[in-house]
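The values are calculated or read from the model by the stated rules, or taken from the named source; none is laboratory data. Owing to the predicted nature of the structure, the values given are computational and were not obtained by experimental measurement. Neighbour counts are summed over all protein chains in view; Cβ atoms, including those assigned to glycine, are modelled from backbone coordinates with ideal geometry. These area figures cover heavy atoms from the full protein model, side chains too; ligands, DNA and RNA do not enter into them. Shrake-Rupley method; radii C 1.70, N 1.55, O 1.52, S 1.80 Å.
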Amino acid sequence: MLGTCRKNLDKLLLPICIIGLNAIAAEPKIHINDEFYLQYNNITGPGKAQSSLTDGLRYYNMFNLYLRGKQNDFRYNLNVGIKVTDDRKKDIKDVSLTNFQGVITNKIHTVRIGDVFESFSQYSLNTALKGASYRYLSKDKINQLQFVYGIAYPRWDTFWDNDTKAVKRKVAGTRYMRNLLDGKMKLGASFVYSDDKDRVFATTPLYKIIYTQ
């Protein structure tokens, strides 16, 4: 078995640094977190090909930045994450944008850009998008109106990198909801439109074999 015929040195995992930084000022607030480590694996034996580890010395770095603040009656925040690694078992790209979202709101008007998740219902829209959304909530919190537009890509680098190519599914939707009986009952309606580009069908070849001499 693999566990008895390999020499695995992944215990040399080195958590080099985990950094957290908060700005002293009350507004805006900045929080930075960076996690970096080195890992060395030496895998031998008949089961080497079935190992879930990458042989040799590999690095992994996860960087996250969170910013929040207030300007007049509006509050805003920004969240950005970047992953850097040469371990193909952890990611197929050396550098990738893991998350990006900006939000500005005054509790009545709310605008989100980047990673947006507007859950209308399980029947119309219940998936994350990369795009923008707008929500209006009346002061009495009785009427709510939402708009959303985006692309259902699993990764940000799918926009510019063919190595992470996926079906381009454009989604646009709107929802209206009204609270009745002091919030004990809700009445609403939603409409969602989606369109797929470069779809993969059962008859579409998923790969090509090229013979060279």
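Within region 123-143, take every residue that is at pLDDT below 90 and within 20 Å of the chain's Cα centre (by Cα) and give me the one that is least open to solvent (accessible area, probe 1.4 Å). Filtering region 123-143 for residues that are at pLDDT below 90 and within 20 Å of the chain's Cα centre (by Cα), the one least open to solvent (accessible area, probe 1.4 Å) comes out as Leu125. Tally the residues that are in a strand (DSSP E or B), more than 27 Å from Thr85 (Cα to Cα) and touching a Gly at 6+ places or on another chain (Cβ under 7 Å), restricting the search to region 113-138. Within region 113-138, residues that are in a strand (DSSP E or B), more than 27 Å from Thr85 (Cα to Cα) and touching a Gly at 6+ places or on another chain (Cβ under 7 Å) number 2.
Exactly one residue among Ile113, Ile108 is loosely packed, with under 14 Cβ neighbours inside 10 Å and β-branched (Val, Ile, Thr), and that residue is Ile108. Only residues that are surrounded by 15 or more Cβ atoms within 10 Å (Cβ to Cβ) and either at pLDDT 95 or above or hydrophobic (A, V, I, L, M, F, W, C) (or both) were counted in region 169-195, giving 4. Region 1-103 holds strands (runs of 3 or more DSSP E) entirely within its bounds, and those carrying 2 or more residues that are modelled with pLDDT of 95 or more and buried (at least 16 other Cβ atoms within 10 Å of the Cβ) map to 56-71, 74-85. Among the residues making up region 150-168, those that are surrounded by 13 or more Cβ atoms within 10 Å (Cβ to Cβ) and in contact (Cβ under 8 Å) with a residue 24 or more places away in the chain are Gly150, Ala152, Arg155, Trp156, Asp157, Asp161, Thr164, Val167, Lys168.
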